[in-house]
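Only one structure is covered here, and it is reproduced in the block below.
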Amino acid sequence: MLFSSFSFAQDLEPRRWTPLPLSTQIFGIGYGHTHGTIHFDPLLNIRDASVTVNSFVLQYLRPFKIGKKLARFDVLIPFSIAHWEGYLNDTYTTVNRNGFADPRLRVSINFIGPDAMNPKEFQNCLSEHKVFTVVGASLAVTLPLGQYFNEKILNLGQNQFVFRPQIGFVHHWKSWSYELTGSVFIYNKNENFSDGNSKKQNATFATQTHLTKRFKNKTWASLSAGYGLVGQSIVNKQPNHDDRADFLAAASLGFVLAKKQSIKLSYIRTETLKDIGADLNSFILGWSVLF
């Protein structure tokens, strides 16, 4: 479950509920570099552990309408190169994993806010309404298709479905917006965990908030914060008492590269609030094209 911390960190997502016009699609490519220290359960006798993960992501997003409401579908496919190192039973040990992590599918709908519109109607609506609020909900499903070895503890994939209902809102006024989103991560049981053991993961509760400033040249900047409360894991019906809590802070900058292309830069800091967890620094570069 250590990799779920990285997934949560990279999911600290400003402008999550920003409406998009119909008949458009977005394709994106991203690169993320994460490094930091890991704090394992003392019973595992692992000390001075660190991790470095380089991830490459493909993402596709398409808005559509349900009745008059604006909805969207997006898919994310990650490929990761991960390196762990530390002392196991006082012996220096390294672990490397290269492969696909678990992909994610997500469907969202905005209950309150601008209706589904074509690009011209959408631009007119934004010009006439400088202040408006969007309220939406989504369901994301992470598929257990990433690289996974049942005889290993450290993996890129989790070998379990993750269902994440999410609700949030964003309030726009002039060139500013404020966003608040809450999520619950629900895991199915991993029946093939570490040499055939059974592992159950209690739910994770997470919230994130963003303050974004838009500039006249279509550049935007945001400051973000997030909190995640990760439930304990249970192996063969035995609780591990390994629940965790994480605090995240981030800064992001987005700007137009060409007429329909944009670049996003982000820095995310993750701090564990308990004895078990990870302290991580993440740097993210993303390119997207609207067509």
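The values are calculated or read from the model by the stated rules, or taken from the named source; none is laboratory data. Keep in mind that this is a model prediction, so the values were computed, not measured. All Cβ positions, glycine included, derive from the backbone under ideal geometry; neighbour counts span all protein chains shown.
So the values come out like this:
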{"quantity": "Residue match in the range 111-123 (condition: touching a Gly at 6+ places or on another chain (Cβ under 7 Å), surrounded by 13 or more Cβ atoms within 10 Å (Cβ to Cβ) and not aromatic (Phe, Trp, Tyr))", "calculated": "no"}
{"quantity": "Selection from the range 36-87 of residues that are under 30 Å from Arg15 (Cβ atoms) and of a type in the set (D, E, K, R)", "calculated": "Arg62, Lys65, Lys68, Lys69, Arg72, Asp74"}
{"quantity": "Residues within the range 258-279 that are of a type in the set (A, V, I, L, M, F, W, C), farther than 20 Å from Ala49 by Cβ and modelled with pLDDT under 90, tallied", "calculated": "1"}
{"quantity": "Pick from the range 60-87, criterion aliphatic (A, V, I, L, M), surrounded by 16 or more Cβ atoms within 10 Å (Cβ to Cβ) and out of contact with any Pro (no Cβ under 8 Å at 6 or more places or on another chain), ranking: nearest to Leu43 (Cα to Cα)", "calculated": "Ala82"}
{"quantity": "Qualifying strands (runs of 3 or more DSSP E) (wholly inside the range 216-291; at least 2 residues being under 20 Å from the mean Cα position of the chain (by Cα), over 15 Å from Asp11 (Cβ atoms) and hydrophobic (A, V, I, L, M, F, W, C))", "calculated": "220-230, 244-258, 261-272, 277-290"}
{"quantity": "Residue count for the range 38-56, restricted to those that are closer than 19 Å to Pro103 by Cα, touching a residue at least 40 places away in the same chain (Cβ under 8 Å) and not small (Gly, Ala, Ser)", "calculated": "1"}
{"quantity": "The lone exception for Thr181 - which of (1) more than 19 Å from Pro78 (Cβ to Cβ); (2) among the hydroxyl-bearing types (Ser, Thr, Tyr); (3) buried (at least 20 other Cβ atoms within 10 Å of the Cβ); (4) without any contact (Cβ under 8 Å) to a residue 40 or more places away in the chain it fails", "calculated": "(4)"}
{"quantity": "The one condition in (1) in contact (Cβ under 8 Å) with a residue 60 or more places away in the chain; (2) under 19 Å from Asn155 (Cα atoms) that Ile77 fails to fulfil", "calculated": "(1)"}
{"quantity": "Top-ranked residue of the range 204-215 - restricted to ones that are crowded, with 17+ Cβ neighbours inside 10 Å and more than 16 Å from the chain's Cα centre (by Cα), ranked as nearest to Asn190 (Cα to Cα)", "calculated": "Thr212"}
{"quantity": "Hits in the range 73-122 - residues which are within 30 Å of Phe56 (Cβ to Cβ) and out of contact with any strand residue (DSSP E or B) (no Cβ under 6 Å at 6 or more places or on another chain)", "calculated": "Tyr92, Thr93, Gly99"}
